[in-house]
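Okay, structure first, notes after.
The values are calculated or read from the model by the stated rules, or taken from the named source; none is laboratory data. Remember, predicted model here, so these are calculated numbers, not experimental data. No Cβ is skipped: glycine too gets one built from the backbone with ideal geometry, and neighbour counts run over all protein chains shown. Heavy atoms of the whole protein, side chains included, go into the accessibility calculation; ligands, DNA and RNA do not. Shrake-Rupley method; radii C 1.70, N 1.55, O 1.52, S 1.80 Å.
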Amino acid sequence: MRWDHLSDRDGGPAGSTDGALFGTDAVTTRTFDTPEFRGITFHEVRARSVLNRVPGASRMPFEWTVNPYRGCTHACVYCFARKTHGYLDLDTGLGFDSQIVVKTNAAEVLRRQLASPRWQGAHVAMGTNVDCYQRAEGRYRLMPGILAALRDRANPFSVLTKGTLVLRDLELLRQANEVTEVGVCVSVGFTDEELWRTVEPGTPAPERRLDVVRTLGDHGIGCGVLMAPVIPFLGDRPEQLRATVRAIAEAGATSVTPLVLHLRPGAREWFFSWLRRLHPELVGRYERLYADGAYAPTWYQRRITRYVHELAAEYGIGPAGRGAARRVPVPEHHAHAREDGPTQLTLL
């Protein structure tokens, strides 16, 4: 594995003077013999910098990120971040799912960098590379310190997650929301359970993620949904899209943003190997749809976006009330199901 060459090629974020992000003398490898971490190896590192500048050519609407982990036990077969494991000479397939890099001092370093006179208080996005609330966070508890550092500097930030563990930090999010701009977004690309179990095997079920949206809303923290990815030929039928948008509306989401599957190098190879095993009949269609690169054709993306926006308007998700979602009535049989007791936020 290579560690020393990991440097901030933009010259380092505010408060950083070291070239390498961490070195070989700062790596400790651990395994834990517990059911939730069986087969997973953790590489604990002492980071020198945690504020990462997003490349100028990126399509992302933010400039700075914090990623306390590399690799992700969510094991989503389409994850665009898989290529980043190759920078460490780690496998971008199973290795990405099971070899997790943990920046154990992330909160400490972030607090120092935010205090630097060079830092101008720019928005910080989290969960944009790998999920900061993946299973490892339950053991390492890096996010409370990170959120507290941002709160104490009144620094605006956002969190994107597929994890339910974000609710553990509800009070910190509430406190930060009182002093700065806080955005929380949950990723739910579909509600089809069979599809979920095959393409996102390590994530909480879609309904559990929508429970997060409900809970955050009930505590005064508006939560949007990134409807991603919409998976061609497997999750894009009109009835599937309608069911997903309706469930998002029922959860009280402040917004819904569709994003069609994109297949960058690293993710593309792993996704196609999965496709050949489970859906060989679709391989040719995917090769044609993604013949020009990582993204589906513009016409396809626009069709999906237009239909989802129409559904969102139909179900009352949108700008009315300045971001406050209008929940659609829950069908009577759903309401009765909730009376059985509180919903436990579990992985499966």
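Table: residues versus (1) open to solvent by 40 Å² or more (accessible area, probe 1.4 Å); (2) over 20 Å from F80 (Cβ atoms); (3) at pLDDT 95 or above; (4) outside any helix (DSSP H, G or I).
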residue: W270; (1), (2), (3), (4): yes, no, yes, no
residue: L282; (1), (2), (3), (4): no, no, yes, no
residue: R285; (1), (2), (3), (4): yes, yes, yes, no
residue: H309; (1), (2), (3), (4): yes, yes, yes, no
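Only one of G224, G252, G220 is more than 25 Å from G93 (Cβ to Cβ), surrounded by fewer than 19 Cβ atoms within 10 Å (Cβ to Cβ) and under 22 Å from the mean Cα position of the chain (by Cα). Can you tell me which?
Numbers: G224 fails: surrounded by fewer than 19 Cβ atoms within 10 Å (Cβ to Cβ); G252 fails: surrounded by fewer than 19 Cβ atoms within 10 Å (Cβ to Cβ).
Of the residues listed, the single one that is more than 25 Å from G93 (Cβ to Cβ), surrounded by fewer than 19 Cβ atoms within 10 Å (Cβ to Cβ) and under 22 Å from the mean Cα position of the chain (by Cα) is G220.
Filter the range 227-238 down to the residues that are farther than 15 Å from L275 by Cβ and open to solvent by 40 Å² or more (accessible area, probe 1.4 Å) and list them by number.
R237, P238
Any residue at all in the range 152-159 that is of a type outside the set (A, V, I, L, M) and within 20 Å of V308 (Cβ to Cβ)?
At the first step, the residues of the range 152-159 found to be of a type outside the set (A, V, I, L, M) are 152-153, 155-158.
Next, from what is left, pick out any that are within 20 Å of V308 (Cβ to Cβ): none.
Within the range 152-159, none of the residues are of a type outside the set (A, V, I, L, M) and within 20 Å of V308 (Cβ to Cβ).
Kindly check whether there is at least one residue in the range 180-203 that is surrounded by 22 or more Cβ atoms within 10 Å (Cβ to Cβ), small (G, A, S), touching a residue at least 24 places away in the same chain (Cβ under 8 Å) and assigned to a helix (DSSP H, G or I).
Checked the range 180-203: no residue is surrounded by 22 or more Cβ atoms within 10 Å (Cβ to Cβ), small (G, A, S), touching a residue at least 24 places away in the same chain (Cβ under 8 Å) and assigned to a helix (DSSP H, G or I).
Can you tell me which of P55, P68 is modelled with pLDDT of 90 or more and either open to solvent by 30 Å² or more (accessible area, probe 1.4 Å) or farther than 24 Å from F271 by Cα (or both)?
Values: P55 fails: modelled with pLDDT of 90 or more.
The unique qualifying residue is P68.
Sort through A228, A247, A154 and tell me the only one that's under 25 Å from E63 (Cα atoms) and either in contact with a helix residue (DSSP H, G or I) (Cβ under 7 Å, 6 or more places away or on another chain) or assigned to a loop (DSSP other than H, G, I, E, B) (or both). First the steps, then the outcome.
Details: A228 fails: either in contact with a helix residue (DSSP H, G or I) (Cβ under 7 Å, 6 or more places away or on another chain) or assigned to a loop (DSSP other than H, G, I, E, B) (or both); A247 fails: under 25 Å from E63 (Cα atoms).
Among A228, A247, A154, only A154 is under 25 Å from E63 (Cα atoms) and either in contact with a helix residue (DSSP H, G or I) (Cβ under 7 Å, 6 or more places away or on another chain) or assigned to a loop (DSSP other than H, G, I, E, B) (or both).
Taking only pairs six or more apart or across chains, which ones have beta-carbon atoms under 6 Å, a first residue in the range 145-162 that is in contact (Cβ under 8 Å) with a residue 40 or more places away in the chain and closer than 11 Å to M126 by Cα, and a second residue that is part of a strand (DSSP E or B) and open to solvent by 10 Å² or more (accessible area, probe 1.4 Å)?
From the range 145-162, the pairs are S158/G183; L160/C185.
Please tell me if R135 is surrounded by 17 or more Cβ atoms within 10 Å (Cβ to Cβ), touching a Phe, Trp or Tyr at 6+ places or on another chain (Cβ under 8 Å), of a type in the set (D, E, K, R) and under 25 Å from R70 (Cα atoms). Please lay out each step first, then the result.
Working: surrounded by 17 or more Cβ atoms within 10 Å (Cβ to Cβ): yes; touching a Phe, Trp or Tyr at 6+ places or on another chain (Cβ under 8 Å): yes; of a type in the set (D, E, K, R): yes; under 25 Å from R70 (Cα atoms): yes.
So R135 passes the test.
Kindly indicate whether G220 is in contact (Cβ under 8 Å) with a residue 40 or more places away in the chain, over 28 Å from W274 (Cβ atoms) and not in a loop (DSSP other than H, G, I, E, B).
On the way: in contact (Cβ under 8 Å) with a residue 40 or more places away in the chain: yes; over 28 Å from W274 (Cβ atoms): yes; not in a loop (DSSP other than H, G, I, E, B): no.
No.
Quick check on this structure: which one of G224, G220 is among the small types (G, A, S) and at pLDDT below 95?
Details: G224 fails: at pLDDT below 95.
From the options G224, G220, the qualifying one is G220.
Taking the conditions exactly as written (open to solvent by 10 Å² or more (accessible area, probe 1.4 Å) and at pLDDT below 95), does L160 satisfy them or not? Outline the logic, then answer.
Working: open to solvent by 10 Å² or more (accessible area, probe 1.4 Å): yes; at pLDDT below 95: no.
For L160, the condition - open to solvent by 10 Å² or more (accessible area, probe 1.4 Å) and at pLDDT below 95 - is not met.
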